[in-house]
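To start, the structure under review is shown below, and the notes come after it.
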Amino acid sequence: MRIRHPLRRVIPFAALLPMALTVIVGYLGTVLWSLHISLTNSRSFPSDTFVGMAQYTRLFENERWLLSLHNLALYGVLFIGACLVIGFLLAVFIDQNVTGEGVLRTVFLYPYAMSFVATGLVWQWMLTPGNGIEQAAHQFGFAGFSFDWIVDQDMVMYTVVIATVWQASGLVMAMMLAGLRGIDGEIWKAARLDGIPTWRVYVSIVLPMMWPTIATVLLLLATAVVKLFDAVVAMTQGGPGTASEVPAKFIMDHLFGRANIALASAGAVVLLVPVLAMLAPYAYARSRKGRA
């Protein structure tokens, strides 16, 4: 019998420890630096002049920032809800042992692998009045058809939702499918013997058993909501006007365009709060499960 030296298990961890510490210190360092800058009167360059919570007061008195928060809340509810529903339905469909399952999984997941800077421009062209969808409808004989949401201040955020749901639903499908494949087949056999409707099995048995998967999906989608930026820039540039403004774009504009790094840092710190609020319960639940 071959005996493995215990140091062989320690060496890989010891080799990774400096890298892990570098990442942790670098991340915490940037967060603390942003927090420090948000408490100063920095403009184009960092300053050590302490102004307390003045930047946060200015931030929440800024109508553009408040509009961006409203847009983000609307986007988040619609995006997460649509991705969960569509992703789950796609996973249920593929879980029926359909022909060409591998091809379908690739087709549904492929949009997530693409850069939205590129696909966003395609969506912009498709949704622009006179092009894309509207032009195709006119060519098919629907002369009175109009689809101008992307230039309508009241509807523009819905176009961003449509495009990003198209991109992210494949990832949700893949994760949900993995969760469905982890359900014991005996449960389905027992449900059929008892005559329980299929929809009732999914609602009352399958979904509760998939809660860890759903929690992970929710965390990923919520994080994607908070950092929404590239889709808005590629499709609308925050317009028309400021109708599709989001917090990440507000921060980048003030950081690079308006030379106000203190206000931008305050916005970044505010955005960090909901991320930590979502991550903390998830991490706590995982740690409790690990100890159990």
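Matching residues to (1) in contact with a Ser or Thr (Cβ under 7 Å, 6 or more places away or on another chain); (2) in contact (Cβ under 8 Å) with a residue 40 or more places away in the chain; (3) within 28 Å of residue 154 (Cβ to Cβ):
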{"residue": "195", "(1), (2), (3)": "no, no, no"}
{"residue": "198", "(1), (2), (3)": "no, no, no"}
{"residue": "205", "(1), (2), (3)": "no, no, no"}
{"residue": "217", "(1), (2), (3)": "no, yes, no"}
{"residue": "228", "(1), (2), (3)": "no, yes, yes"}
{"residue": "234", "(1), (2), (3)": "no, yes, yes"}
{"residue": "238", "(1), (2), (3)": "yes, no, yes"}
{"residue": "247", "(1), (2), (3)": "yes, yes, yes"}
{"residue": "255", "(1), (2), (3)": "no, no, no"}
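Open to solvent by 20 Å² or more (accessible area, probe 1.4 Å), under 19 Å from residue 221 (Cα atoms) and either in a helix (DSSP H, G or I) or in contact (Cβ under 8 Å) with a residue 60 or more places away in the chain (or both) - does that describe any residue in the range 125-134? Outline the logic, then answer.
Looking only at the range 125-134, we keep the residues that are open to solvent by 20 Å² or more (accessible area, probe 1.4 Å), and these are 125-126, 128-131, 133-134.
Subset that is under 19 Å from residue 221 (Cα atoms): none.
No: zero hits.
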Scan the range 135-145 and give yes if some residue there is touching a Lys or Arg at 6+ places or on another chain (Cβ under 8 Å) and not polar (S, T, N, Q), otherwise no.
no
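Tell me the residue from 108, 93 that is farther than 30 Å from residue 241 by Cα, outside any loop (DSSP other than H, G, I, E, B), in contact with a Gly (Cβ under 8 Å, 6 or more places away or on another chain) and not β-branched (Val, Ile, Thr), please.
Of 108, 93, the one residue that is farther than 30 Å from residue 241 by Cα, outside any loop (DSSP other than H, G, I, E, B), in contact with a Gly (Cβ under 8 Å, 6 or more places away or on another chain) and not β-branched (Val, Ile, Thr) is 108.
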Residue pairs within 8 Å by beta carbon, gap of at least six or interchain, first lying in the range 35-46 and on the phi > 0 side of the Ramachandran plot and surrounded by fewer than 14 Cβ atoms within 10 Å (Cβ to Cβ), second assigned to a loop (DSSP other than H, G, I, E, B) and of a type in the set (Gly, Ala, Ser), listed first then second, are none
Go through the range 137-158 and count every residue that is over 30 Å from residue 72 (Cβ atoms) and assigned to a loop (DSSP other than H, G, I, E, B).
6
Residues located in the range 100-116, provided they are surrounded by fewer than 16 Cβ atoms within 10 Å (Cβ to Cβ) and either of a type in the set (D, E, K, R) or under 15 Å from residue 159 (Cα atoms) (or both)
101
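Of the residues that make up the range 205-228, is at least one in contact with an Asp or Glu (Cβ under 8 Å, 6 or more places away or on another chain), of a type outside the set (Phe, Trp, Tyr), under 30 Å from residue 104 (Cβ atoms) and surrounded by 16 or more Cβ atoms within 10 Å (Cβ to Cβ)? Quick ask: steps written out before the conclusion?
Initially, the range 205-228 is screened for residues in contact with an Asp or Glu (Cβ under 8 Å, 6 or more places away or on another chain), giving none.
No, because not a single residue in the range 205-228 is in contact with an Asp or Glu (Cβ under 8 Å, 6 or more places away or on another chain), of a type outside the set (Phe, Trp, Tyr), under 30 Å from residue 104 (Cβ atoms) and surrounded by 16 or more Cβ atoms within 10 Å (Cβ to Cβ).
Scan the range 43-80 for residues that are outside any helix (DSSP H, G or I) and under 30 Å from residue 240 (Cα atoms) and report the count. First the steps, then the outcome.
Here is the first cut: in the range 43-80, the ones outside any helix (DSSP H, G or I) are 43-53, 61-62.
Still in the list and also under 30 Å from residue 240 (Cα atoms): 43-44, 61-62.
Total satisfying the criteria: 4.
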Select, from 4, 8, the only residue that is in a helix (DSSP H, G or I), open to solvent by 100 Å² or more (accessible area, probe 1.4 Å), at pLDDT below 85 and over 15 Å from residue 266 (Cβ atoms).
8
Counting just the residues of the range 229-254 that are touching a Lys or Arg at 6+ places or on another chain (Cβ under 7 Å) and closer than 18 Å to residue 118 by Cα, which one comes out most open to solvent (accessible area, probe 1.4 Å)?
229
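The values are calculated or read from the model by the stated rules, or taken from the named source; none is laboratory data. Just so it is clear, the model here is predicted, and its values are computed rather than measured. All Cβ positions, glycine included, derive from the backbone under ideal geometry; neighbour counts span all protein chains shown. Please note that ligands, DNA and RNA were not included when accessible areas were found on the heavy atoms of the full protein model with its side chains. Shrake-Rupley method; radii C 1.70, N 1.55, O 1.52, S 1.80 Å.
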